[in-house]
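Data block below; observations after.
The values are calculated or read from the model by the stated rules, or taken from the named source; none is laboratory data. The structure displayed is predicted, hence computed values, not measured ones. Note: ideal-geometry Cβ built from the backbone for every residue, glycine included; neighbour counts use all protein chains shown.
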Amino acid sequence: MKIDIIGSVASGKTTLAATISKTYKVPFYEKDNIVWVRTNQGDVRRPEDQRNNLFQSIIGADDWIVEGSPRKILNQSFDVCDYIILLDINILVRLKRVFIRWVRQRVGVELYNSEPTIKSLKYNIKWVFEFNNDREEILDRLSSYDDKFKVFRNSKDAEKFIIQVYGKTGL
């Protein structure tokens, strides 16, 4: 199983990746954690060669799930994965999730990679809108992957697709 899950901030990428990972006993990786080294003093961008080597070691394995925003880097996985899953979730749902996640992180109910500050909230809202602005270009770019590129409006339909393709292993 080699799956790349992409989508906007708050589209459900990490949740879907974690669910599939647990069900099928396949490791999953957040692309953000490949780009950034998380430290107590804040995030530090990983050197390009280190980032690329780490990513190549992940996608060179027999089974993996990677998830992240459809950035222009770390897309070598598109060529070697079984499926590219785009979670194309309604913007209002994503904005609501961004705010709820931020509140939950602020009160300590939900773990976070980056400190839930007002600045981080503004960035997440900005990235939700950027995804919408870039959506058509993303769809055009990924349409060249033909049958391995799948678009879902919700995570449940993506999960059903995975079960249909890979079976009910682990359920």
Assuming ASN132 fulfils every condition listed in (1) within 27 Å of LYS150 (Cβ to Cβ); (2) out of contact with any Ser or Thr (no Cβ under 7 Å at 6 or more places or on another chain); (3) surrounded by 14 or more Cβ atoms within 10 Å (Cβ to Cβ) apart from one, which condition is it? (3)
The residue that is surrounded by the most Cβ atoms within 10 Å (Cβ to Cβ), considering only those in segment 152-168 that are within 17 Å of the chain's Cα centre (by Cα) and farther than 12 Å from ILE5 by Cβ, is ASN154
Per-region count, segment 2-25, residues out of contact with any Lys or Arg (no Cβ under 9 Å at 6 or more places or on another chain) and either without any contact (Cβ under 8 Å) to a residue 40 or more places away in the chain or on the phi > 0 side of the Ramachandran plot (or both): 2
Every residue from segment 26-39 that is among the hydroxyl-bearing types (Ser, Thr, Tyr) and free of Cβ contacts under 8 Å to residues at least 24 places away in the same chain: THR39
How many residues are in a loop (DSSP other than H, G, I, E, B) and not aliphatic (A, V, I, L, M) if we restrict to segment 61-71? 5
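Being over 11 Å from SER8 (Cα atoms) and aliphatic (A, V, I, L, M): is that true of VAL128 here?
Working: over 11 Å from SER8 (Cα atoms): no; aliphatic (A, V, I, L, M): yes.
It is false that VAL128 is over 11 Å from SER8 (Cα atoms) and aliphatic (A, V, I, L, M).
Every residue, every condition in (1) exposed (fewer than 14 other Cβ atoms within 10 Å of the Cβ); (2) modelled with pLDDT of 95 or more; (3) closer than 22 Å to LYS156 by Cα, yes or no:
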residue: TRP64; (1), (2), (3): no, yes, yes
residue: LYS72; (1), (2), (3): yes, no, no
residue: TYR83; (1), (2), (3): no, yes, yes
residue: LEU86; (1), (2), (3): no, yes, yes
residue: ASN90; (1), (2), (3): yes, yes, yes
